[in-house]
1. Write out the trypsin sites (Lys or Arg not before Pro) in the range 250-335 meeting two conditions: DSSP loop, and at most 12 other Cβ atoms within 10 Å of their Cβ.
2. Just to verify a number: FRET efficiency for Glu409 and Ala40, C-beta to C-beta distance, R0 = 35 Å, to 0.05?
3. Between Glu249 and Trp324, what's the calculated FRET efficiency when r is the beta-carbon distance and R0 is 25 Å? Round to 0.05.
4. In whole angstrom, note down how far apart the Cα centers of the range 262-322 and the range 353-417 are.
5. Is the C-alpha gyration tensor of the range 211-328 telling us rounded, prolate or oblate? Criteria: a/c under 1.5 is rounded; beyond that, a/b larger than b/c is prolate, otherwise oblate.
6. Tilt of helix 33-48 relative to the longest C-alpha principal axis of the chain, in degrees (0 to 90, nearest 10)?
7. Any idea how far apart Ser296 and Glu171 come out in nm if each label point goes 7 Å out from Cα toward Cβ?
8. Note the angle between two axes, namely the Cα long axis of helix 93-108 and the longest principal axis of the Cα atoms of the chain, as a number of degrees from 0 to 90, rounded to the nearest 10.
Amino acid sequence: MTIGEQVVERCRTLGSGRYSEREDQLFRPWLSRSFFAVQATLTEWMFAAGMQVRTDAAGNLIGRYEGTEPNQPAVVFGSHIDTVANGGCFDGMLGVVLAISVVERLDLDKKRYPFAIEIIAFGDEEGSAFPVSMITSRAVSGEVNSEDLALIGPTGTVQNTLAGCGLDGEELSAAERPQGDILAFVEAHIEQGPVLEACNKPLAAVQSIAAQRRGTVTVKGCAGHAGTLPMAMRKDALAGAAEAIIGLERIVNAFPGGAEGGLVGTVGRLVVSPGGSNVVAERVEFSLDIRAGKKSLRDAAVEEVEAEFVALTARRGLELTCEWQQDLEGAQCSPPLVELMQEAVRDEGGLNKPLVSGAGHDTMVMARRWPSVMLFIRSPRGGISHHPDETVMNEDVDAAYRALCSFLEHLNLSQKN
Ligand SMILES: [Zn+2]
């Protein structure tokens, strides 16, 4: 059995039965019964790989493999072990299980680096338990506050749920790590997109996590009879919204540096009122989601999209408002670490340039405090994820394993220079 086969088998094992809250699908929110069942099994595997294991105040499971000297700063591998409802068994879990195999190899070879190696299995990335995501990586980076503790989910507040699990809710912030504890943060994760499959490449380094802007656009016109209101006299909110959506697509497609910079724009929800087939639409509300690898690129695109919306509104005699609800900064990976990861990826026949991650990850949080980098592993079947069909190929996981081992080697050499 190759390492890749073993890692894939382990992820599949943790994807059903007592490791899920539901019999017919995988669903494992933070602090659920199945969540702790997964932690127990991961603990066994970490022990077997020569690690000391503990949980922190946020319920993160942390394995530690000491360096040549004890108490040295650590290179931290991490990803999440919670899932969405009806999720797949590789999102998050692959990065944790793969890292255990890397440490297992070091332990078998009795090899230690001048730095320690830690694996953090983050508890909450998806936000499946409470209406906010990445609580547990934010606890590690020192970004949680009393508002997080007061959030309410199906099990009560965060604070009460933690207390019910024997964790002291008051002390969520005790999970924070001092700056000097962590030398580098590395997250291996399935791509959750179609790019690597389309390029026929197993791996890619990731240079940044996209900055996101999400909002709601409302277009107001005048309702009217579909038969009696002449075309020239109409203020059709739906035709205006349609033009806005096509305008968004045109701007994003043509934006200078957009394709390389990971610029994407999406309207995924449209509400038309009054919504009758024989009534000219009076009001349309649609969602707007614009992302790019760099905040500056995203903001430049947002500005142009807004200007386009204002112009078409004036032309059509409509009223338009744009309300922004979410502004996530995204994160830049550390250029020297990206370079090291890119080298390791190249040696495995991976993509010859780093990607932008359009999806959010724990790395987004960790990179705000520590030098960080990600490794993407090809997602077959068109990149499907957050779905039971989510999968990986054994040989890609083997390649990822070798890439992480060589990344550690080169990181060690770079520390000496
Ligand atoms: Zn994930």
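Every read-out reported here was derived from the displayed coordinates using simple, explicitly stated rules and does not represent laboratory data. As the structure is a computational prediction, the values presented were derived from the model and not from experiment. Glycine gets a Cβ as well: all are built from the backbone with ideal geometry, and neighbour counts include every protein chain shown.
1. Values: sites: Arg250, Arg269, Arg283, Arg291, Lys294, Lys295, Arg298, Arg315, Arg316; in loops: Arg269, Lys294.
Answer in residue order: Arg269.
2. 0.65
3. So the FRET efficiency works out to roughly 0.80.
4. Cα centres, the range 262-322 to the range 353-417: 34 Å.
5. On the way: a/c = 2.75, a/b = 2.22, b/c = 1.24.
Prolate.
6. That works out to roughly 40 degrees.
7. According to this spin-label approximation, the distance is 4.4 nm.
8. Helix 93-108 sits at roughly 20 degrees to that axis.
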